[in-house]
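Derivation of every value follows stated rules applied to the coordinates shown; laboratory data play no part. Computed from a predicted model, the values in this text were never measured in an experiment. Ideal geometry is used to build each Cβ from the backbone, glycine not excepted, and the neighbour counts take in all protein chains shown.
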Amino acid sequence: MPEVIFAGPAGRLEGRYQPAKKKNAPIAIVLHPHPQFGGTMNNQIVYNLFYDFVDRGFSVLRFNSRGVGRSQGAFDHGAGELSDAAAALDWAQTMNPDARACWIAGVSFGAWIGMQLLMRRPEIEGFISIGAMANRYDFSFLAPCPSSGLFVHGSEDRVSPVKEVMGVIEKVKTQKGIRIEHTVVEGANHFFDGKVDDLMVQVGAYLDNRLGPKPTSRSEAPVESREAPAAIAHQPDGTPANDAAIADPADSVDTASSRG
């Protein structure tokens, strides 16, 4: 899978891009969790979302926002990261001028950025929002929500409890012609430690319903290994990971973990 560098508002942005075989294939952009808590494009959930879209025939881009990895710039508390996401979508559309549709997917902080991008770009027709931080960030901009999509939470998420996002979901559900679905992964915390497979089953079922069943044969293998990054179940100091101890939307260690 090609590594790519493209222009962002604060300098270059690095990403991983897998083009589809069909010229008119849809586009998907996947956004990582909070960069100040280790969130990168190599987060385990981001990685799995990326390949779920690849296997469904999308041209897919995941990337590091400003100040992460080799991407230039510095963390900008959301405003700059939203501009980065818009630049990523612009780049993907330039690479795929015949694309018939676009989806956005985001994890934790990335879910908030993704939903804001959704409101600004009418070509986005679907979304996947995982661990949305409705208790930490303002989602009132979603009234009305212009596209149908899926919210997913863990039943044991103490960083962003399920009840906190229900108010947002109930509000946007009332918009005519828009269907917002919500599913809960039982036993999962904010990072979906040990539950990423269960999470992806739920996401896959939703995409099957919207797009049709995923092809049985996997897409042509990219340069990057298809083996997902391994989840890390402990904090850097060796203590057990505890999502209740995380004070920000975020995700602790990346280095190929489910938290990044």
Can you pull out the GluC sites (Glu not before Pro) in the range 107-181 that DSSP calls coil and that have at most 14 other Cβ atoms within 10 Å? Glu123
Each label point is 7 Å from the Cα along the Cα-to-Cβ direction; what then is the distance between the points at Asp197 and Lys21, in nm? 2.8 nm
By Cβ neighbour count within 10 Å, fewest first, Arg62, Arg12 rank Arg12, Arg62
For Lys214, the lysines lying under 23 Å Cα to Cα, once residues fewer than eight places off in the same chain are dropped, come out as Lys21, Lys22, Lys23, Lys195
Under unit Cβ charges (Lys, Arg +1; Asp, Glu -1), what dipole magnitude, rounded to 20 debye, does the range 3-245 have relative to its Cα centre? 760 debye
Among the lysines, which fall within straight-line cross-link reach of Lys163, defined as a Cα-Cα distance under 19 Å, with same-chain neighbours fewer than 8 residues apart omitted? Lys171, Lys173
Quick check: pseudo-label points 7 Å beyond the Cα along Cα→Cβ at Ala7 and Asp208, how many nm apart are they? 4.4 nm
